[in-house]
Every structure is written in C-alpha cells, then in structure tokens.
Amino acid sequence: MQINDRIITGLALATIACLIAWSGALLRFDNFCYDIGSTFSFKPAPGNIVIVAVDEASLSSMGPWPWSRIVHAELVSKLSAARPRVIGLDLDFSEPELNNPNVDNVFAGAIGQAKNVVLPILLEQSYIGSGIKQRMPLPSFAYQAAMLGRVHFSLDSDGIARGFYLWEGLSADGLNATGLPHFSQSVSQVANSLPSGFDVNPPAIKVADPIAFEQGGFVSARLASSQPRKINFFGPLEHFQRISYTKVLAGDYSPDFFKDKIVLVGLTAHGLGDALPTPVSTISRPMPRVEFHANVIAAMQHDKLVVDTPLWLTTLISILLAILPLLWLPKLTLVKSLLTVGCYFSLVMVLAVSLPHVLNVWVPPAGALVAILLAYPIWNWRKQDSAQGFLDVELQSLRDELASLGMEQEDTIVDLHEDPLQARLLKVKLTAKHLRELHRGRSDTLAFISHDIRAPLGAAMMLLDQFEVNKYSERMKRMLGRAYNMSESFLQASRAEMANVNKFHGLDMVGLVQQAVDDVYEVAVAKQLKLETHLPEDSLWVRGDFGLLLRTVSNILLNAVNYSPIGATITVVLESDHQLLTLKIKDQGPGIPASKVSKIFKRFSRADAEHQSREGSGLGLYFVNVTIKKHHGTVAVQSKLGHGAMFVVTLPLERRRGSNPVENDRRTEVKTLFNDTI
C-alpha cells in the first residue's frame, strides 16, 4: 500500500514540476530568485575597469548634449596618451556632423592614432513586431576602429535586463545571419582579457522565426540571436570607478590612472541616453548602459557569465528535486515531515540562488519549489486515504470475525449524512469494546483453567496417593498428571501471550540463567547428564518479566535434558556485546530433522526422538518463542540430524541498569557451577 502511495504521490509531484518548468508559468518567480542572488552576491569592482562619464557636471561645464566631435577627438587623444588597454566609446557615431564636416576627419584620425578604440553598432526597433534597424558608425570611423561591437540588450518579460546574447545579427533573407559580437566582447577582445577557450569566431545563426515581415513589397531584416548569457552583477549603481568627462579633458587625474585599464566612455546623466532596469537597480533609477557594459566585461573577464540550463534538463532536475522528499516522508511523523519539507524547501531555494555564483549555471527553481511545497499535503492526503481504506477493510474483517464468534453487532447503522471519518471512529470504538469483552472472557477462561480444572486434578492426584495401590493406580496417576501438565502449559502460554510489556523491569540475566540451571540440576543428575556453564562474572541487565524468562530458559534446558542420551553433556553459554545478550544451550541429542526445524516453535508442535518421553504437550517451545518476542528478542535453533541441537536466544541489553535483583540469586551459593562440569 505504501509503495502505491509513493508512486501516486511521485507521479503527482513530477507532473506538477514538469508542467511549471516546461510552461514557464512562474517565470516571474524564477526571475525573482535570480534577482535575490544578484542582490546578495556583490563583489568588489575590478580595478582595471574605468568609466569616463558624461555626467551632470560635464553637461553643466560643456553645455547641452550632443557635443562636437572635436571634443571627442581631444578625449581620445588624451586617453590614448595615458596608455589604456582599450577605449570603448559607447556613443552614437552613425550620423555625420553637419555643421563642420572636417571635424569627422579629425575624430577619425584620433581613432586611428589610438589603435585601440572600439565603436558600437546600434540595433534599434521602431515598434514591437517591426524589423530591426542596424546603425553602423560612419565608414571613416569604422575603418579606423580596432573593432566594432553590437550594442543591444533584450529585456525579460518583467522589463528587467538580466542578460544578453553573445552573438546577434540581421538576416536579409529572414532565414540565416552572421553573428556580430557584443560590444562588451569586442572591448574585452581588444584588451586581451577574454578567458581562455572563449570562442571569438562568428557563428552562422538561424532565425528562430523564419517568417519575415513584408513592408511595401520588401522583406525587412530579422534579428537572429545565439548563445544567451545572464550577468553576474558585481554591484549596484556607481559600483565601478568613475571619472567625469570634463576632468579627463582638464587632465585632472594621476599619470598612471588609465594605464593598462579598460576605459569605457558613455552617458550617465539622468534622462540622457539609454538606461536599463536591472536586478541591482530600481525602475525609478535604472543603470546607465555604459555601466551595464562594465558589469558584462567584468563578468566576462572573470569567466562569470551565467549559462541557462536547457529546458529538458531544467525539467528533469525539477522532477528529481520534487520526488526526493518521498525518501523520508514515509519514515517520519507529521510534525517532523513538515519540518523536513520546510528545511528542504529552504535548501533548494538557497542552492538555486547560489548556483549562478558558484557554478555559473542557472536552473529555474519554480517547478521544483512548488512541487516541494505540495509534497507534504499530497503525501498526507494519500497516506490518510490509504489508511482509511485499510481501516475500513480491516474493521469489516474484524467485525465479521466477531460476528462468527457470536458477538452482537449493535449500533452499526451509520447515518449517511455523517462525516465518514466520524463513522470510522464510531466503528473503531465499537470494535474496541468487543475486543475488551473478548479479553475479559479470555481472562475468565484462564481463571477457570487455573482454579476449576487444575485444582480438582491436583486434588485427585493427592487422593490417589492416600488409597491402596492397585493395578490401575499408576495408570490413573499418569493420566491425571498429563492432564495437569497440559493445563499448566496452556495456562503459561496464554499468560505469555497476554504479558504487559509496560510492567517489565530491569533484571540480571546471569543470575536468572544460573537459577534455571540449578532448577534442572536434579533432573539432569538423575539422567547422568553433565551441565557445563560459561557465564560472565559481571551482571547482564535486560528489561523483562522474571517469571516468564526463567520459565523460558528452564523449558529450553528441560528440552535438552529430555532429548539427550544418558551420559551426554549440555553446554550453557551466556555472552554479550554492547547491544545484545546471547544465550546458547547445546545438547548432544539426536538432533532435529530439517523438515521439523521450522515448525518446532509453533503451537502443539514436537520433534519426537528415541530418548524423549512422548507425554509432552507441544507448548514448551511455543511458550519460549512467544516470551522472547514479547521481550523484543529472537530465538533460533541450529541442528544437524545425529549431532544434537543448539538453541540461540538474543535479547536487547538494558541501557539504564535496573535495581531489581534476581529472586533467590544462587551465584553466591553455588560457586562451582561457573565454568565447571557437573
């Protein structure tokens, strides 16, 4: 039943995780988890990245934007003289300066002289669904630039910029395109700061949606993208080194300030240029595009770009995480199950948030987390439903058995409008009442056997001894003795079955075994048997009923005496480890046939042999088995026909030593029984 519950619960959780992961229904929650990790994983900004900011101070000093390119030419010349690794100009140079065309030549010359300037290729979309327009730098600028790079960031469904594509390109035919590197990648490549193994060869990209727009009979260009990456943001706004544009023109910096550094020039003034809402900035104050580039370059050079797992792998991981709680839910209580599910949910959440910053991999956790939250109620629903079904079947079976015993089935009609659970509880209450009546009847039967049967049998045996002996006396005495012994065995077996484990107490098994050996000593001597005992000097404490355990050991010993031939040896060994006590009683009798070994502990079962009396009741070893099980132990027999038998009893040791001594402990009286032959 529990296996079926696991399968049903597992299928339900796997389905939930699969649907959420595959459909992206909780994509906003996935994004929220990623943003939490970005917020709590800030790192020091790399010292080799500097932003030259067109800020409010620059606008106040130099006037409104845009400025003449002669100013930019002067900036490039000053930066070049400071020997940076690369100069990334994140500014629009796609249109000529109409007021003074010669200025463009001066700017192109400054770019060519620097030899390490990267210019942007702007990708723009007029409206959603329209074709993409590509705005290249002027040919004279592009020719002199060390490299060009595409400036384009795609926003997620919630309007937040978390990543970019390494390669994008426009497809003239709507089918294929040659990938252009991202501006940040071009800057890093010129600065020679890309990690080893980074592929800089432009790939051929297939357009995801090959249906192109037709505008006025012409096919508009479509954007093809490849290799998406998420960004490990290094910090919040203004986290990277900044210097105002006007300070650079004024030479207000140390001689080595730009040496061997990546210099990015861009717009940071409020309301000027593109700004992007990010996980580490607010919508009201988005991150300037140039600073976004700085984060991309920093992540790229430290090999911290995050890769999304494929959809199939995300789904598989979500399913595995969802069904994992089924390993421990069936083994725990309701409260512990709830606590472990809560801890497991928190652990998966922490792992999902941390994974991008540890292994540079992003696995959307929404599917797994929702399934984990539902694991506890779904499992308990299945558990309760199965328990109720099982309870119904067992109650009906038990009530049928009670009916076969003649028990009245009163008050069994249940109102159809009553709560089903309350109806089951009523049935349990009625059945428990009948069981208590049966228990009382059994106790009365035992009292009857004990008093009204055993007492007359004993009295009859005493009367036989007082009358004159005749030829029938011995036969009658044997018959009465056998009946008396059978009633006694039945009584003891029933008492063992009804023993209350809550009334067990600590007792010393060493003394108990010694007392049992003493009790059978005279019987063994009468049959010329030798008793060898190997008992430890220290006490071995168990929790149990003294009378039941004493009779158990005595039964095994008497069994060995009855089955052993004259002059044989019976060996008794008591030993222990840190957890279990082991009692071994070995005889040299005829052994037990293999076909009867599995049956000797059953009620009324016997293993008859030539050396044994045939007047036994068949309840002695049944009593042993019942008693040992009541004490949470085991009993087994090892036997080979013709080579005797060895009974092995194991009992758990009592960790908290009790204070109740063995009644009539005879270890101090009979010293010669230890490791001695009688």
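Read-outs throughout are calculated quantities, based only on the coordinates presented, and are distinct from any laboratory measurement. Predicted, not measured: the structure shown is a model, and the values here were computed from it. Cβ atoms come from the backbone with ideal geometry, glycine included; neighbour counts cover every protein chain shown.
Here the Debye sum runs over all C-alpha atoms of the range 545-594 as equal scatterers in vacuum, and log10 of I(q)/I(0) at q = 0.17, 0.19, 0.21, 0.29 Å⁻¹ comes out as -0.62, -0.74, -0.84, -1.10. Were the residues from Arg478 through Trp65 laid out at 0.36 nm apart, the gain over their Cα-Cα distance would be 136.1 nm. Overall shape: prolate for the range 52-169, with the ratio a/c of the largest to smallest alpha carbon gyration tensor axis at 1.5 or above and a/b above b/c. Distance between the pseudo-spin-label points of Glu95 and Glu532 (7 Å out from Cα toward the beta carbon): 11.2 nm. Extension gain for the segment Leu653 to Gln113, taken as residue separation times 0.36 nm less the Cα-Cα distance, is 185.3 nm to one decimal. Neighbours of Leu326, meaning other residues whose beta-carbon lies under 14 angstrom from its beta-carbon, give a summed charge of +3 when Lys and Arg score +1 and Asp and Glu score -1.
Considering only alpha-carbon pairs that sit under 8 angstrom and 6 or more positions apart, the relative contact order computed for the range 47-301 is 30 percent.
Under 5 Å between amide hydrogens, built in the peptide plane, is the criterion, and for Ser576 it picks out Thr582 among residues at least 5 positions away or on other chains. All other residues whose Cβ lies under 9 angstrom from that of Arg135 are scored, Lys and Arg at +1 and Asp and Glu at -1, for a net of -2.
Our estimate of slack between Ile566 and Phe390, defined as 0.36 nm per intervening residue step minus the Cα-Cα distance, is 57.8 nm. Highest mean packing comes first when the peptides 302-308, 330-336 are listed by Cβ atoms within 10 Å, giving 302-308, 330-336. Bridging of Lys596 to lysines at a Cα separation below 24 Å is possible for Lys584, Lys586, Lys629, Lys630, Lys640, once same-chain residues fewer than 8 apart are set aside. Computed from the C-beta positions of Lys629 and Val428, the FRET efficiency with R₀ = 30 Å rounds to 0.70.
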